[in-house]
Amino acid sequence: MQVVRFGIIGCGLMGREFASAVARWCHLPDMDVRPEIVAICNRSEKAFPWFVDNFASIRQSTTDYKELLANPEVDAVYCAVPHNLHQQFYCDIIIAGKHMMGEKPFGIDKAANDAILDCIKAHPGIFVRCSSEFPFIPAMQRLCNMIEQGEFGEIIEVNTGFVHSSDMDTSKPINWKRMIKFNGEYGCMGDLGMHACHVPFRAGWMPKNVRAILSNLVPERPDGKGEMVPCETWDNATLLCECINPLDGKPFPWTMKTQRIAPGEKDSWYMDFIGMKKCARFNSKNTNSIEILDYTNGEEQAWQVIDMGHETAFKSITGGIFEFGFSDSILQMWAAYLYELTHGKPIKKFAACVTPEETALSHKLFTAALESQKTKTTVKTDE
Ligand SMILES: NC(=O)c1ccc[n+]([C@@H]2O[C@H](COP(=O)([O-])OP(=O)(O)OC[C@H]3O[C@@H](n4cnc5c(N)ncnc54)[C@H](O)[C@@H]3O)[C@@H](O)[C@H]2O)c1
């Protein structure tokens, strides 16, 4: 069993999810590689006890990420820090010769993303990917197989999105994800957009242009100290893109919604693929179901609902009929990262992490969406 020794930079929400996946690596009996956490870095030391109490392998805890990068024991880094730090931290990690899993949006804006991609190009021996866990849900893996086999026929339309209601409560205090300085001009698109783009980009559905309508529904929030402060980030974004299907060269509409204020939606990630031969839809509200409509001329149009179990891309010890959850998708995503790092290619086209080139496509799209909102016009994304 090969061991890849990891450092974590950013021990918040996502840093802990990674650590928890490492702790139950024994769920994946066929893996010939495993991660070990040897070093952690966080701005505040308050995050350290949970990690060191649960992971005896951690030998370095520091508040200075450059100390972690100087540690020769660290082979790879998971970096999960606010967006304003992505460019500096990601480039320093790559220059230090460590493999990296970064977080979306992979740079606070297009200029930062361009700089990260230039750095990656200058260090070809370093394996770099961006996280996105939802496509690893078994129902989505099945739907992705259908894309790969061209089962939809001519595509009529695609709708994807990630919508939640965390910001419905207008009394919720502001945090870094609601401040342009830390989260970026993209607002909800930077936070949620990569999740809605990963599968379409992997399918090769490239947007040619976009018309975007962005909303700032709650322009002020409490600062947690008794005052109200401006909340300038976009809460909701609806994008209408013209895409080209590489299989037949024909255009089709792709709508993408990223919303933080979506009444009734706790945390819903969805994909609808509507084709001339077949249609399929998935919503993480019903994580273990996929709906498929298989149409034959002259026959009834009937949606089938298929229950999925634990049919994962990377074999798991969990019984085949048992339900799948969020932390399972994180575990599968990390299996994909380590598999590709050590085997040189993904186990399957759609069981793979986001590539740096795919993050660059998302930045082109979101930058064009900002321009579209400003000019109230359709903006090209393929130049
Ligand atoms: N893949 C997903 O589903 C998903 C979900 C949520 C967030 N994210 C992404 O993960 C990243 C982090 O988000 P989060 O929700 O974990 O945020 P978080 O605020 O919970 O954690 C960020 C951590 O970074 C630390 N940090 C800040 N500045 C630092 C510095 N200078 N040096 C070291 N540590 C520093 C903070 O102390 C904090 O613990 C973001 O890019 C976000 O977009 C991804």
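Applying the criterion of being at pLDDT 95 or above and in contact with a helix residue (DSSP H, G or I) (Cβ under 9 Å, 6 or more places away or on another chain) to the residues of the stretch 153-177, the residue that is farthest from the ligand (Cβ to nearest atom) is Val158.
Ala76 is checked against (1) surrounded by fewer than 19 Cβ atoms within 10 Å (Cβ to Cβ); (2) over 30 Å from Leu370 (Cβ atoms) and fails just one. What number does that condition carry? Here Ala76 clears every test but (1).
Pairs meeting the criteria (first residue in the stretch 1-28 and more than 16 Å from the ligand (Cβ to nearest atom), second residue among the aromatic types (Phe, Trp, Tyr), beta carbons under 7 Å, at least 6 apart or on different chains) are Leu28/Phe314.
Among the numbered conditions (1) in a helix (DSSP H, G or I); (2) charged (D, E, K, R); (3) away from the ligand (no atom under 16 Å from the Cβ), tell me where Glu73 comes up short. The failed condition is (1). Here is a list of conditions, (1) under 24 Å from Glu133 (Cα atoms); (2) free of Cβ contacts under 8 Å to residues at least 40 places away in the same chain, and Phe282 meets all of them except one; can you say which number that is? Among (1) under 24 Å from Glu133 (Cα atoms); (2) free of Cβ contacts under 8 Å to residues at least 40 places away in the same chain, the lone unmet condition for Phe282 is (2).
Among the residues making up the stretch 178-187, a single one is within 11 Å of the ligand (Cβ to nearest atom) and hydrophobic (A, V, I, L, M, F, W, C): Phe182.
Scanning the stretch 29-55 for residues that are within 8 Å of the ligand (Cβ to nearest atom), buried (at least 16 other Cβ atoms within 10 Å of the Cβ) and not in a strand (DSSP E or B) yields Asn42, Arg43, Ala47.
Give Glu133, Glu154, Glu148 a once-over and let me know the one that is in contact with a strand residue (DSSP E or B) (Cβ under 8 Å, 6 or more places away or on another chain) and charged (D, E, K, R). Reasoning before the result, please.
Details: Glu133 fails: in contact with a strand residue (DSSP E or B) (Cβ under 8 Å, 6 or more places away or on another chain); Glu148 fails: in contact with a strand residue (DSSP E or B) (Cβ under 8 Å, 6 or more places away or on another chain).
Criteria check complete, one pass: Glu154.
Of all residues in the stretch 99-119, exactly one satisfies the criterion of being more than 15 Å from the ligand (Cβ to nearest atom) and either under 12 Å from Tyr186 (Cβ atoms) or assigned to a loop (DSSP other than H, G, I, E, B) (or both), namely Lys110.
Scanning the stretch 256-274 for residues that are basic (Lys, Arg) and either buried (at least 19 other Cβ atoms within 10 Å of the Cβ) or part of a strand (DSSP E or B) (or both) turns up Lys257, Arg260. Restricting the stretch 192-214 to residues that are crowded, with 16+ Cβ neighbours inside 10 Å, of a type outside the set (Lys, Arg) and assigned to a strand (DSSP E or B) leaves a set whose member that is nearest to the ligand (Cβ to nearest atom) is Leu214. Here Ile147 does not qualify as under 30 Å from Gly319 (Cα atoms) and within 13 Å of the ligand (Cβ to nearest atom).
Only one of the listed residues (Glu323, Glu300) is within 23 Å of Met14 (Cα to Cα) and in a loop (DSSP other than H, G, I, E, B). That residue is Glu323. A single entry from Arg24, Arg5, Arg59 fulfils the requirement of being basic (Lys, Arg) and in contact with a helix residue (DSSP H, G or I) (Cβ under 7 Å, 6 or more places away or on another chain): Arg24. Looking only at residues in the stretch 275-297 that are assigned to a strand (DSSP E or B) and of a type in the set (D, E, K, R), the one that is nearest to Ile156 (Cα to Cα) is Lys278. Each residue in the stretch 137-191 was checked for being of a type in the set (Gly, Ala, Ser), within 23 Å of the chain's Cα centre (by Cα) and not in a helix (DSSP H, G or I), and 5 pass.
The values are calculated or read from the model by the stated rules, or taken from the named source; none is laboratory data. Given the structure is predicted, the values throughout are model-derived calculations rather than measurements. Every residue, glycine as well, gets a Cβ built from its backbone with ideal geometry; the counts of neighbours run over all protein chains shown.
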